[in-house]
Amino acid sequence: MLPSTVRLSPKSHHLHRSFTTLNPIPATFLRGGTSKGVFLNRAHLPEDQSQWGPIFLGIMGSPDTANGLQINGMGGGISSLSKICVVGSASAEQKAQGIDAEYTFVQVGIRDTIIDLSGNCGNLSSMIGVFAMDEGFCSRDPSALSGTTTTIRVHNTNTNKTIDTTFPVTFAGGSLQPRLDLPQATMAGVPGKASQITLEFISPAGARTGKLLPTGKPVDSVNTHDKEIPVSLVDATNPTVFVTYADLCRVLCTSSLIDFSSLNSRELMESIRRAGAIKMGLDPETQAQPKIAVLSPSCNQDHDIGIHAFSMGVLHKAVPMTVGLCLGVAAKVEGTLAWDLTKSMRLEKVEESEFIRIKHPSGIVEVGADFGGDGEVLKAKVVRTGRRIMKGVVWW
């Protein structure tokens, strides 16, 4: 099994290709939510995951130490465009549990050779069911269809969690096919309308640490820059370190807007993230996990809480969907920073809403979380859209 993070030398990128792997290799390029990624059939890759690295680096054009644009490959120079999903058929045991397909998410380094399998991508997860049907990993009987949508259940190997994706289908070519071009839903950061894809993460708590609150507390504190900073360490869909905007202003000694692109801000965020990782029992050297996000109170009637999330050390242009889902869960856990910041929302509403409205740099997204009577997180959910962009082969 490939370790959660692997750093390859540029030299090994050229010397250790497996000649049993097709080059070019069949691939599909898909948008899922606000991310794009290369989707590969697991059967086309070596069984030994330690051999995947050179293939993925070649596909993405990494490492691009000169300018970080991945100009020599399919990557786009930012974390949301440097992703690969490896999808395969479910095992007989998984099929008996109602699982239709299995996938592994890979975050590929841009300026370096890191191949990170430590977490999942919520945005691209929305297209796993579509890809699985397109590739023939699973199918649905038209005569058994109730309504115009179908649900594909997939297993994510990174987090060992199950996810349901529900999307419209149409009968074409003698079988049911996913339909993605219906004008049903809009997404902040994506132009136009597309078919609604409902994404539900089943029992999302403890995706990496085994616990919803890895330390057992809704609020902890970390020491950095000679100051104590309150944080909420929450693990749902992906582990995340949450900190408030007000506390960042206090540490940075500023009352004005924070420039998240400045070196001081980025160093502070990374310092908090690393301290949180240690408290969560995670490797602080693995930059993809945990994520870190800054929370701010609502400043308008159109949202319940604000967020600025970082991915691979850089401010995300929207919000990583697993971070958004984690926040949706955290906001319903009493005592967390998210709970406190959404207190006015709960007081103003007669009935507790199923969804929480999160404002991010590109717009607003609604996420939901269902809890059982014992406090267990039953599911986290969000609506996404997706698009098929290319199907063919890619050289590595």
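Under 5 Å from the amide H of Thr150 lie the amide H atoms of Phe167, Val169, each residue being 5 or more positions distant or on a separate chain, with H modelled from the backbone and absent for Pro and chain starts. In the context of the full set of protein chains, residues of region 94-169 present 31 Å² of accessible surface per residue (probe radius 1.4 Å, heavy atoms only).
Between Ser261, Ser89, Ser296, the GNM of the chain built on Cα springs shorter than 10 angstrom shows Ser261 fluctuating the most. Taking all protein chains as shown and a probe of 1.4 angstrom, Thr149 keeps an accessible surface of around 60 Å². Computed from the C-beta positions of Thr198 and Ala43, the FRET efficiency with R₀ = 35 Å rounds to 0.80. Over region 42-193, with a single point scatterer placed on each C-alpha, what log10 of the ratio I(q)/I(0) does the Debye formula yield at q = 0.13 1/Å? Treating every Cα as an identical point scatterer, log10 I(q)/I(0) equals -0.69. In this simple spin-label approximation, Thr148 and Asp374 carry label points 7 Å from Cα along the Cα→Cβ vector, and these lie 4.1 nm apart. For His308, His155, the ranking by accessible surface with the largest value first comes to His308, His155, using a 1.4 Å probe. Taking all protein chains as they are arranged and a probe of 1.4 Å, the heavy atoms of Asp226 leave approximately 150 Å² accessible to solvent. Translational diffusion coefficient of region 211-355 (Stokes-Einstein, Kirkwood radius from Cα pairs, 10 °C, 1.306 mPa s): 104 µm²/s. Specify the longest stretch of the chain that does not include any exposed loop site, a site being one of the GluC sites (Glu not before Pro) with a non-H, G, I, E, B DSSP assignment and at most 14 other Cβ atoms within 10 Å. Answer from the scan: 48-284. Pairs exceeding a 18 Å alpha-carbon distance, out of Lys161/Lys211; Lys36/Lys161; Lys193/Lys391; Lys227/Lys343; Lys161/Lys381; Lys161/Lys379: Lys36/Lys161; Lys193/Lys391; Lys227/Lys343. May I ask you to give the percent of accessible area on region 253-396 that is carbon plus sulfur, with a probe radius of 1.4 Å? The value for region 253-396 is 52 percent carbon and sulfur by accessible area.
Value of Rg to Rh for the chain, rounded to two decimals, is 0.96; Kirkwood radius and Rg both from alpha-carbon coordinates.
Each distinct pair of alpha carbons in region 241-326 adds a 1/r term; the inverse of their mean, the Kirkwood radius, is 13.4 Å. Using R0 = 45 Å, the C-beta based FRET efficiency linking Val393 and Glu334 works out to 0.30. Across Cys299, Cys326, the residue with the most accessible area heads the list, and the full order at a 1.4 Å probe is Cys299, Cys326. Backbone amide hydrogens, once placed in the peptide plane, bring Asp181 within less than 5 Å of Ser195, excluding anything fewer than 5 places away on its chain.
Among the chymotrypsin sites (Phe, Trp or Tyr not before Pro) within region 18-48, those in coil by DSSP and having at most 14 neighbouring Cβ atoms inside 10 Å are Phe19. First measure r as the distance between the Cβ atoms of Ser261 and Glu228, then evaluate 1/(1 + (r/R0)^6) with R0 = 22 Å and state the FRET efficiency to the nearest 0.05. It comes out at approximately 0.30. Once a ≥ b ≥ c are taken as the square roots of the eigenvalues of the Cα gyration tensor of region 185-253, is the result rounded (a/c under 1.5), prolate (a/b larger than b/c) or oblate (a/b not larger than b/c)? Oblate shape, in that a/c is at least 1.5 and b/c is the bigger or equal ratio.
Accessible surface ranking for Arg384, Arg31, 1.4 angstrom probe, highest first: Arg31, Arg384. Dividing the summed helix terms, -39500 (n - 2.57) for each DSSP H run of n ≥ 4, by the number of residues in the chain produces a 222 nm estimate of -5000 deg cm²/dmol to the nearest 500.
The values are calculated or read from the model by the stated rules, or taken from the named source; none is laboratory data. Values in this document were obtained by computation on a predicted structure and should not be read as measured data. Cβ coordinates were reconstructed from backbone atoms using ideal geometry, including for glycine residues, and neighbour counts include every protein chain displayed. The protein model used for the area step is the full one, side chains on, heavy atoms only, and it has no ligands, DNA or RNA in it. Shrake-Rupley method; radii C 1.70, N 1.55, O 1.52, S 1.80 Å.
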